[in-house]
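The values are calculated or read from the model by the stated rules, or taken from the named source; none is laboratory data. Please read these numbers as outputs of a predicted model, since none were measured by experiment. All Cβ positions, even for glycine, are placed from backbone atoms using ideal geometry, and neighbour counts span all protein chains on display.
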């Protein structure tokens, strides 16, 4: 193949004919034309012309999706639970009423401010069943995991069972420290678990107090508003029990922004 033949091929190809290619770069551009349709383990060559001519390899869509899911797996941890919405994205969250628009906007604001504002709060998303609470929280979790943020996602009924198992296996402190120290903690369906006073006072309160002091964000979803949550957490129906439940809910208020998602049930 002569220089003239290579230049003819470059100058007649729709992708490269507009380029002003020097003799020095001509061979490289021609090599690109020969290799551009090759798939090397999920990567394809791309010709870059600025600031200089070079061939770079970029992942195909399938490879990019694979890498995205791998990075999510590396940074997103689950606490003995399978309750999670895979591939959730805020862009796919339908905003057909004001409540849903507000939830989406607050979630986006959190993502924009996380890492910039040391006092950024998570969300407490209250709403009926099937309104998309877990979907929003899953979407935020994935967006953070893609950034390399350590996210711990827990389903509260499973968490209660897991903590009991930790007592039996002798690794309770390790399990609680995971809850305390994750970059972002996400707790799905608080108020839906069979909680004991011990779990409330010796696990949940210290975890939330630690995260409040360390300024580590918490997200929660619930079918209960704050007043109903106090009632749910008042496990002994006396003033002492109510006061402990109220103090716990106050910590939740300090850690989160309350937002409703209670209208127009919607299956995501």
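Check whether at least one residue in the range 48-66 is part of a helix (DSSP H, G or I), surrounded by 14 or more Cβ atoms within 10 Å (Cβ to Cβ) and modelled with pLDDT under 85, and report yes or no. Yes: one or more hits. Among the residues of the range 194-213, is any within 24 Å of residue 75 (Cβ to Cβ), free of Cβ contacts under 8 Å to residues at least 12 places away in the same chain and either surrounded by fewer than 16 Cβ atoms within 10 Å (Cβ to Cβ) or in contact with a strand residue (DSSP E or B) (Cβ under 9 Å, 6 or more places away or on another chain) (or both)? Scanning the range 194-213, I find at least one residue that is within 24 Å of residue 75 (Cβ to Cβ), free of Cβ contacts under 8 Å to residues at least 12 places away in the same chain and either surrounded by fewer than 16 Cβ atoms within 10 Å (Cβ to Cβ) or in contact with a strand residue (DSSP E or B) (Cβ under 9 Å, 6 or more places away or on another chain) (or both), so the answer is yes.
Conditions (1) within 18 Å of residue 120 (Cβ to Cβ); (2) out of contact with any helix residue (DSSP H, G or I) (no Cβ under 9 Å at 6 or more places or on another chain); (3) modelled with pLDDT of 95 or more, marked per residue:
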{"site": "141", "(1), (2), (3)": "yes, no, no"}
{"site": "144", "(1), (2), (3)": "yes, no, no"}
{"site": "162", "(1), (2), (3)": "no, no, no"}
{"site": "178", "(1), (2), (3)": "no, yes, no"}
{"site": "220", "(1), (2), (3)": "yes, no, yes"}
{"site": "239", "(1), (2), (3)": "no, yes, no"}
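Those helices (runs of 4 or more DSSP H) of the range 144-240 in which 1 or more residues are over 21 Å from residue 254 (Cα atoms) occupy 156-169, 172-181.
Annotation for the range 83-93: at least one member residue is at pLDDT below 90, closer than 25 Å to residue 152 by Cβ, loosely packed, with under 15 Cβ neighbours inside 10 Å and in the same structural domain as residue 133 (by TED's automatic domain parsing).
Looking at 106, 123, 111, which is the one that is closer than 24 Å to residue 208 by Cβ, touching a residue at least 40 places away in the same chain (Cβ under 8 Å) and part of a helix (DSSP H, G or I)? Residue meeting the stated conditions: 106.
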